[in-house]
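S.K.: Can you read through this structure? Questions will come right after.
The values are calculated or read from the model by the stated rules, or taken from the named source; none is laboratory data. The structure displayed is predicted, hence computed values, not measured ones. Please note: Cβ atoms are built from the backbone with ideal geometry, for glycine as well, and neighbour counts cover all protein chains shown. What goes into the accessible areas is simple: the full protein's heavy atoms, side chains included, and nothing from ligands, DNA or RNA. Shrake-Rupley method; radii C 1.70, N 1.55, O 1.52, S 1.80 Å.
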Amino acid sequence: MTLQVSQDLVAEMQAFGRLLETLDDKDWETPTLFMDWTPWDVVAHLHYFDLVSIRALEGHEKFAPFAKDLVKRMGQGESAAVQTRVELAGVTPSELLSRWQKTCADMAEQLGQSDPKRRLPWFGPDMGVQMFTTARFMETWAHAQAVYDLKNAPREHADRIKNIAAIGVRTFGWTFVNRKQEVPGPPPYVKLIAPSGAVWEYNEPNDEECIEGDAVDFCLTVTQVRNVKDTSLSVKGDVANAWMDIAQCFAGPPVDPPAPGYRTGN
């Protein structure tokens, strides 16, 4: 049985690919508001870590030495953007786009056909196939937004973003623990309106601690693509506000969201 999220990943890659196919040479070299990455940097990053993911699918023996070298380089101050520029130096935008689309589809197929109980090595604890695939979906969706913003291009969202909403809710406690802070209380009630108009609800109903609004805005907030203040989300309660101010659904050290008014998409 194929994992649904692996199909969602391919659909998201294809949607982003259609935008990328409209870019001209100047667009590919223009910095976005995400760490000054160009669209080339964005696609190179996605492609590179899709290749890393395929290494993980090959097992610990193949992945471990590769991961060790990568972590060593990062420890020496070599950022992810620099690593991808070194690894993919000289690759033209059209060739990069073609490589990424092929690699992402191959990775998604392998993940989709994997035993759901299988655990894959990664940077830190091993990850179950479902969560691993969801993380790749989240990365693809979140990084793509920088290019949509650059071009001020409309983006048609689908209910497959529920994959991200679910991660966002699940990482409530981790957001604080990752910053070495005490979890300030029980998870707030979350009520979101999906792109289709469906209602998604998480945690126990609570009128005093709650987050309500557009599911896209929630996903943009937990992936730190937007500051919560630049969304239409209704956030009520000290715990809910504390969470949304620093929400982080992706792995790695604590990262602050963009400043209010910086990445607005306008």
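S.K.: If I take R0 = 30 Å and measure r between the Cβ atoms of residue 170 and residue 73 in this structure, what FRET efficiency does the formula 1/(1 + (r/R0)^6) give, to the nearest 0.05?
M.R.: 0.50
S.K.: What's the FRET efficiency of residue 177 with residue 11 using the Cβ-Cβ distance as r and R₀ = 41 Å, to the nearest 0.05?
M.R.: Using R0 = 41 Å, I get an efficiency of 0.80.
S.K.: Using a simple charge model, +1 on the beta-carbon of Lys and Arg, -1 on the beta-carbon of Asp and Glu, nothing else, what dipole does the chain show about its Cα centre, in debye to the nearest 20?
M.R.: The calculation lands at about 580 debye.
S.K.: At 1.4 Å probe size, with no ligands or nucleic acids counted, give the accessible surface of residue 38 in Å², nearest ten.
M.R.: Using a 1.4 Å probe on the heavy atoms, I get roughly 20 Å².
S.K.: Along the positive direction of the dipole of region 1-84 (beta-carbon charges: Lys, Arg +1; Asp, Glu -1; about the Cα centre), which of 59, 23, 70 reaches farthest?
M.R.: Of the listed residues, the answer is 59.
S.K.: Using only the Cα atoms of region 94-160, build the gyration tensor, take square roots of its eigenvalues as a ≥ b ≥ c, and label the shape rounded, prolate or oblate: rounded if a/c is under 1.5, else prolate if a/b is larger than b/c, else oblate.
M.R.: prolate
S.K.: Could you sort 243, 122 by accessible area so the largest value comes first, with the probe set to 1.4 Å?
M.R.: Working: 243 0, 122 55 Å².
Ranking 243, 122 by accessible area, largest first, yields 122, 243.
S.K.: Rank these by accessible area, largest first, 1.4 Å probe: 12, 61.
M.R.: Working: 12 10, 61 170 Å².
Ranked from most to least accessible, the order is 61, 12.
S.K.: As a test of reading the structure, rank 51, 97 by solvent-accessible area (1.4 Å probe, protein chains only), most first.
M.R.: Order by accessible area, largest first: 51, 97.
S.K.: If you roll a 1.4 angstrom probe over the protein chains with everything in place, what fraction of the accessible area of region 34-175 belongs to carbon and sulfur, to the nearest %?
M.R.: 53 percent
S.K.: Let me ask something else. Accessible area of residue 87, 1.4 Å probe, to the nearest 10 Å²?
M.R.: Solvent-accessible area, nearest 10 Å²: 90 Å².
S.K.: Okay, moving on. Which value in deg cm²/dmol, rounded to the nearest 500, describes the helix-derived mean residue ellipticity at 222 nm for the chain, given -39,500 (n - 2.57) per DSSP H run of n ≥ 4 and division by the residue count?
M.R.: -16500 deg cm²/dmol
S.K.: Same structure, new question: Calculate the FRET efficiency for residue 81 and residue 201 from the Cβ-Cβ distance with a Förster distance of 30 Å, rounded to the nearest 0.05.
M.R.: Here the calculated transfer efficiency is 0.20.
S.K.: Here is a further query. Given 0.36 nm per residue, what is the gain on full extension from residue 109 to residue 148 after removing their alpha carbon distance, in nm?
M.R.: Working: separation 39, 0.36 × 39 = 14.04 nm, distance 2.62 nm.
So the chain would gain 11.4 nm between residue 109 and residue 148.
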